[in-house]
1. Label Ala150 and Glu237 with points 7 Å out from Cα along Cα→Cβ: what is the distance between them in nm?
2. Tell me, in nm to one decimal, what length is gained between Asp493 and Asp66 on full extension, where the rule is 0.36 nm per residue of separation less the Cα-Cα distance?
3. What spacing in nm lies between the two simple spin-label points modelled at Leu415 and Val131, each 7 Å away from Cα in the Cβ direction?
4. How far apart, in nm, are the 7 Å Cα→Cβ label points at Ala363 and Asn313?
5. What does the highest-first list of 48-61, 325-338, 305-318, 277-290 look like by mean Cβ count within 10 Å?
6. Could you give the distance between the Cα centres of the stretch 350-383 and the stretch 392-448, to the whole Å?
7. Hey, can you rank 112-118, 501-507 by average C-beta count inside 10 Å, highest first?
8. If contacts are Cα pairs under 8 angstrom and at least 6 residues apart, what is the relative contact order of the chain in percent?
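The values are calculated or read from the model by the stated rules, or taken from the named source; none is laboratory data. What you see is a predicted model; the values in this text were computed from it and never measured. Reconstructed Cβ throughout: ideal geometry from the backbone, glycine too, with neighbour counts over all protein chains shown. Ligands, DNA and RNA are stripped out before the accessible areas are found, and what is left, the full protein with its side chains, is counted by its heavy atoms. Shrake-Rupley method; radii C 1.70, N 1.55, O 1.52, S 1.80 Å.
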Amino acid sequence: MKIKYINILVLILPLVIFSCKDNTDKPLKNEVSKKESYYTEAYRPQYHFTPEEKWMNDPNGLVYQDGTYHLFYQHYPDSTVWGPMHWGHAVSKDMMHWKHKSIALFPDDNGLIFSGSAVVDVNNTSGFGTVDNPPLVAIFTYHLMAGEKAGRKDFQTQGIAYSLDNGDSWTKYEGNPVIGNDGIKDFRDPKVFWNEGLQLWTMLLVAGDHMQVWNSPDLKKWNQVSEFGKDKGAHGEVWECPDMFPLKVEGSAEEKWVLLISINPGAPNGGSGTQYFVGDFDGETFTTDQVATKWVDLGRDNYAGVTYNNTPNNERIFIGWMSNWDYARDTPTEKWRSAMTVPRKLSLQKNNDVYELINYPLAALDTIVEKGSKEVDFTVGPSQTETMELQQNNQSEIHFNTSARAFQMRLKNKLGDSVVITLNGADGKITFDRTASGVKDFAANFALGLQTMSVPNLPEGEVEFRILLDKSSIELFVNKGQYVMTNQIFPRDSFTILKVKNLSTDSLRLNSLSENKVKRIWD
């Protein structure tokens, strides 16, 4: 997680500045009765996870146990801007509908509770539970603010806590911290998983500009066994939020390991982003011959994403924080701040001899998509523009298939706000333009210009385009998640028009074009 020390004055100041702005692009006004007001504030996502109130950032402790998916997250319960970190908590049976729980972990004398992970200790290696009632164990970073303010470099250490009632209550280990600090300023975000090959626990820790690998027999005693990354991948300020897991290459018996690393700044389109590496892991050391830097998502608002431990059928489920540290504290929401991406399934393909990480919405999303909309085959003449009405009030899935490689989509409302997505096959690029998307003056670097995503391996022939539009976000999935862009938007009214412009001299055809409503998940 990003370190942002903020004293009381700084916590208050952005709110004061925002309220005093000459805001020519005024946010939506919410006029609903108290009875109808739950999760209906201006810009409140209707099918993405958000906290009931106050600040949220990184997803933490993603784990499945006894029919329940747990989502813990970085949370400050006293403000809508970053402050002393706790672990918020929510649970789900289907990864779509969420129930809010009480705060799971509070700061203590060892420090604030920064990002981490959670595991089900099935064999009770920790001794915290029994084999019949295995403990849920959270592993997290302690951040000692007094140490940071004193100029020390050892203010981040690693702690653990356990639960014997499936996450409802937690006990911190009396021997915390389980990993101390020899003087590394940025030493955090432990991701722990069961190492089948060595029959022990493996922890990934970021240490400034690289990752360390640690192993343990019992989650209490840890030994560092390797490191990775000083000369690999993209490097901004620091590495953050590591994750690593094996995936079979689709259509083959080959298995590779995928390593996720978030960085801030340093993403291709500005600010925060998450890169990935494909390689091998022998139980102690990760290696890769990958040269090019690869990104999970080329939009600006998918950061610190990690995956679930202990899932049914070993499905690799990913959730990211749908924001960017360039402007995360300033977005124009009042009661809460920040959302998560839709949960996505990760898979691995090898296309044109290149490994590609695919991320695509879970099949469970289809259970909340109303498929009543008529599908149409939409044709646009050479260099012409055609219009389709949008009717689902920025709570929809827009879907079509096409073999065209030169067209532009413009989502527009009656106030002139618009988002423009352009595919230019000749250049092998997709661009995303939110410079006129609505309210944007809350941060100078929110709408910097065109975002660009290269699509060099997009196959010939018909591919799928799927757009998930919520009240303040757009997620674009091309060819079932081969290429993805996630972005926040804050339009002053719902988009009512989709304009499709043919950029080629051939006829353009969008097959099975539909706009379907996505149901609220908060009723």
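1. Reported label-point gap for Ala150 and Glu237 is 2.4 nm.
2. Values: separation 427, 0.36 × 427 = 153.72 nm, distance 4.21 nm.
In short, 149.5 nm is gained.
3. A separation of 6.3 nm, rounded to one decimal place.
4. Placing both labels 7 Å along Cα→Cβ, they lie 0.5 nm apart.
5. Working: 48-61: 23.8, 325-338: 21.0, 305-318: 18.9, 277-290: 16.3.
Per-residue mean Cβ counts within 10 Å order the peptides as 48-61, 325-338, 305-318, 277-290.
6. 16
7. Working: 112-118: 27.7, 501-507: 14.9.
Sorting 112-118, 501-507 by mean packing, highest first, produces 112-118, 501-507.
8. Details: 1384 pairs, mean separation 74.5, N = 523.
Relative contact order here is 14 percent.
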